[in-house]
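In what follows, a single structure is set out as structure tokens and then discussed.
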Amino acid sequence: MGILASIVLAFALTEGEIQPWADDHGYRAITFEADRVTLYVHASPKIKQDKLESRYAPRMQKTLDFLEQILPSNDATAIPSSPRPSDARREPRDLRPAEHKRLRGDDSSARRDPETKIVTTSEDPLEIIEIQDLEHARSLREFIAAQHPWFRVGSDADLVGFVISQPRLGAWVREVPGQEEWNADNELVNRLAQTVVHRRLGQLPFWLEQGLAWTVENEVEGSIYCFPFRAEFVYASEHRNWDRRLRAELRKTRDREIDFASLVAWSRGSFDKEASLLAWGVVDHLARRESASLHAIAKELAERHEKQRWQKMPDGSERTDPNYELPLEDQLEVFRKHLGEDFLASLGSELRSKR
């Protein structure tokens, strides 16, 4: 896979914020009004709208339907997270998140961007765009940076793919020279899944975010092509049969319990083959067998993240730590609460024998 296999952004914007840019550059819109999701694709005005929708809408609908099945929106309370990349093949040098800050006693600001005062809720519109080529990608990120100064424009190599939650937009480049082992349909599903989860719940542990996106991608497409943070070549055999590959990995050890610590230790900005298999396996199993527990776990982890990412400053104000991740003890406590004290062993047994 080439280093610029995709460029993905995810934003919580005012409705239609990138529409002026999209209109100026020949993009057409496909909108899901009920879900407040709009996809922009580069297409000739001669192409009929129903033909355009038949190409993209079924895949988007399947993605949204499966997410609704495993993470129902009727019980969702979105929690905003710091505007920072949650997925990039390598951390962009020039893309640094702006800190959130609230004054002493100002509890209400915890749920809003201190610069724009945009309140984030599960009803916020979500925009995604399939960018035609790198020239358009450069133009779009300049357009975004002009409106959001914290979003710094780096080189093409720096902007290789990421998800952020403020602002909220999803985008990927369709045509990149030298791109191999890449699938635009899988990119759409994976990136849409990530942005919807961010909007619905807020910031989750990195491994859980990726596991959810891969579970949805594999359900909708029957394969996995989106590998955030991965720079090395992806072999054709790595796109399918993750269940078989996970069983083989788990059977290499005599430990009854899954290595949960390795999931938590998998840091944002890196790729770990073994951890990625386990992350997918845990989430896929829970999504199919215990979806209510998965939803409750994700919701509580997001709530804890929001509470604990704030740091008290000497002047009495509070700032967010943009790189904060929930510690192992917190994650274990939440999982044990919803799955039982022996969940590490029971998951290990299920994943080893699952066929």
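Before moving on, here are some points about what is shown:
- For E181: the one exception among (1) part of a loop (DSSP other than H, G, I, E, B); (2) crowded, with 24+ Cβ neighbours inside 10 Å: (2)
- Qualifying residue in segment 242-255 (condition: assigned to a helix (DSSP H, G or I) and under 17 Å from the mean Cα position of the chain (by Cα)): no
- Residues that are assigned to a helix (DSSP H, G or I), under 20 Å from H198 (Cβ atoms) and either of a type in the set (S, T, N, Q) or free of Cβ contacts under 8 Å to residues at least 60 places away in the same chain (or both), drawn from segment 264-296: S276, L286, S291, A296
- The number of residues in segment 205-236 that are closer than 12 Å to W182 by Cα and part of a helix (DSSP H, G or I) comes to 1.
- Segment 298-347, residues that are part of a loop (DSSP other than H, G, I, E, B), of a type in the set (A, V, I, L, M, F, W, C) and surrounded by fewer than 18 Cβ atoms within 10 Å (Cβ to Cβ): M313
Each row is one residue, and each column tells you yes or no for (1) under 17 Å from P125 (Cα atoms); (2) at pLDDT 90 or above; (3) within 11 Å of the chain's Cα centre (by Cα).
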position: V163; (1), (2), (3): yes, no, yes
position: P177; (1), (2), (3): no, no, no
position: N190; (1), (2), (3): no, yes, yes
position: Q194; (1), (2), (3): yes, yes, yes
position: G202; (1), (2), (3): yes, no, yes
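- Residue within segment 22-33 that is modelled with pLDDT under 95 and part of a loop (DSSP other than H, G, I, E, B) present: yes
- Yes/no for V264 being modelled with pLDDT under 95, among the β-branched types (V, I, T), surrounded by fewer than 23 Cβ atoms within 10 Å (Cβ to Cβ) and under 30 Å from Y324 (Cα atoms): no
- Looking only at segment 221-239, and only at residues there that are hydrophobic (A, V, I, L, M, F, W, C) and surrounded by 24 or more Cβ atoms within 10 Å (Cβ to Cβ), the one that is farthest from Y324 (Cα to Cα): C226
- The listed residue being surrounded by fewer than 16 Cβ atoms within 10 Å (Cβ to Cβ), part of a loop (DSSP other than H, G, I, E, B), modelled with pLDDT under 60 and among the acidic types (D, E), out of D94, D87: D94
- Flag if K46 is at pLDDT 50 or above, among the charged types (D, E, K, R) and exposed (fewer than 14 other Cβ atoms within 10 Å of the Cβ): yes
- Taken together, W214, W242 contain a single residue that is among the aromatic types (F, W, Y), more than 15 Å from Q331 (Cβ to Cβ), surrounded by fewer than 20 Cβ atoms within 10 Å (Cβ to Cβ) and in contact with a helix residue (DSSP H, G or I) (Cβ under 7 Å, 6 or more places away or on another chain), which is W242.
The values are calculated or read from the model by the stated rules, or taken from the named source; none is laboratory data. From a predicted model like this one, the values you see are computed outputs, not experimental measurements. Glycine gets a Cβ as well: all are built from the backbone with ideal geometry, and neighbour counts include every protein chain shown.
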